[in-house]
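All of the numbers you see were taken from the coordinates with simple rules; none came from a lab. This structure is a prediction, so every number in the text was calculated from the model and none was measured. Glycine also receives a Cβ, built like all others from the backbone with ideal geometry; neighbour counts cover every protein chain displayed.
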Amino acid sequence: MAIRPILTAPDPRLREVSKPVGQVDEALRELMDDMLETMYDAPGIGLAAIQIGVPQRVIVMDLAGEDEEPAPLYFVNPEILDPSEEKKPYEEGCLSVPDYYDEVERPARCRVKYLDYHGAEQILEAEGMLAVCIQHEMDHLEGVLFIDYLSRLKRERVLKKLKKEQRLAAAS
Ligand code: NI
C-alpha cells in the first residue's frame, strides 16, 4: 500500500468525468488499498480515485468514529437509485478543497448499487452522513465539487485562496 498525493482544486484533473471500471481485479484492489491508506492518512472519510489522479469510477469511504473499529467501504461503478424528494442540508468538506466547509443540500436518502472489493454486486440503503458522503463522492466521478453548489462569489473566493496557497507552497 502507498500514500498517493491528493489533487486540490482548481487542478483541472478534478473536472474529468471518470470511466467505468471493466473488472475488479488485483490491480484495482491495489488502487483501492492505496486510496484507503491515502484517505486515512489525510485524514478524511471519503475519497474518489480521481482525487489521486485516476479517472476511474471507484470510491472508498469509512464513516466509523474515532474510537470505533475501522469500517472501510469500497464502491466500484456506483450508481445512485431512488434519491428521496426530501432534501437535507449538511456541512461538507473535501480533501481536494482543504480547510473549507460549507452547507450543501442533497437528497436525504438514496440507494446505491455498486460492486464491492471482491467484485460482487451490492445495494446499500443510505441516509444521514452515509447518504451525504456517497453523493458527494459520486459527484467527483462527474467532475463536480461541493463548492459548485455554492454561490459564484463564495466559490471564487475559495478558489482564489487555494490558488494563492498553492503559489506560496510552490515558492517555498
Ligand atoms: Ni470530496
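Worth a mention:
- Under the Karplus curve 6.51 cos²θ - 1.76 cosθ + 1.60, θ = phi - 60°, whole-Hz ³J(HN,Hα) for segment 24-36, x wherever Gly or Pro sits: 8, 10, 4, 4, 5, 5, 4, 4, 5, 5, 4, 4, 5
- Computed per residue of the chain from DSSP H runs no shorter than four, each worth -39500 (n - 2.57), the mean residue ellipticity at 222 nm is -9500 deg cm²/dmol.
- Relative contact order (percent, whole number), segment 23-101, Cα cutoff 8 Å, 6+ residue spacing: 21 percent
- Here the 3J(HN,Hα) profile of segment 39-45, calculated from phi with Karplus coefficients 6.51, -1.76 and 1.60 at θ = phi - 60°, is 5, 5, 5, 4, x, x, 10 Hz, Gly and Pro shown as x.
- Proximal lysines to residue 164, defined as alpha-carbon separation beneath 30 angstrom and excluding residues fewer than eight positions away on the same chain: 154
- Backbone phi angles across segment 104-112, fed through the Karplus curve with coefficients 6.51, -1.76 and 1.60 (θ = phi - 60°), yield HN-Hα couplings of 10, 9, 9, x, 6, 9, 7, 10, 10 Hz in residue order; Gly and Pro are listed as x.
- Kirkwood's formula applied to the C-alpha pairs of segment 42-101 gives a hydrodynamic radius of 13.6 angstrom.
- Computed on the Cα atoms alone, the convex hull of the chain gives a volume of 122 cubic angstrom per residue.
- Distant-in-sequence amide H partners of residue 108 (H built 1.01 Å from N, under 5 Å): 84, 86, 87, 88
- Computed over segment 32-134, the range of Cα coordinates on each principal axis works out to 36, 35, 31 Å, biggest value leading.
- A simple packing score, the average count of other Cβ atoms within 10 Å per residue, orders the peptides 137-144, 43-50, 151-158 as 43-50, 137-144, 151-158, with the highest score first.
- Normalised contact order of segment 1-149, rounded percent, pairs of Cα under 8 Å and 6 or more residues apart: 25 percent
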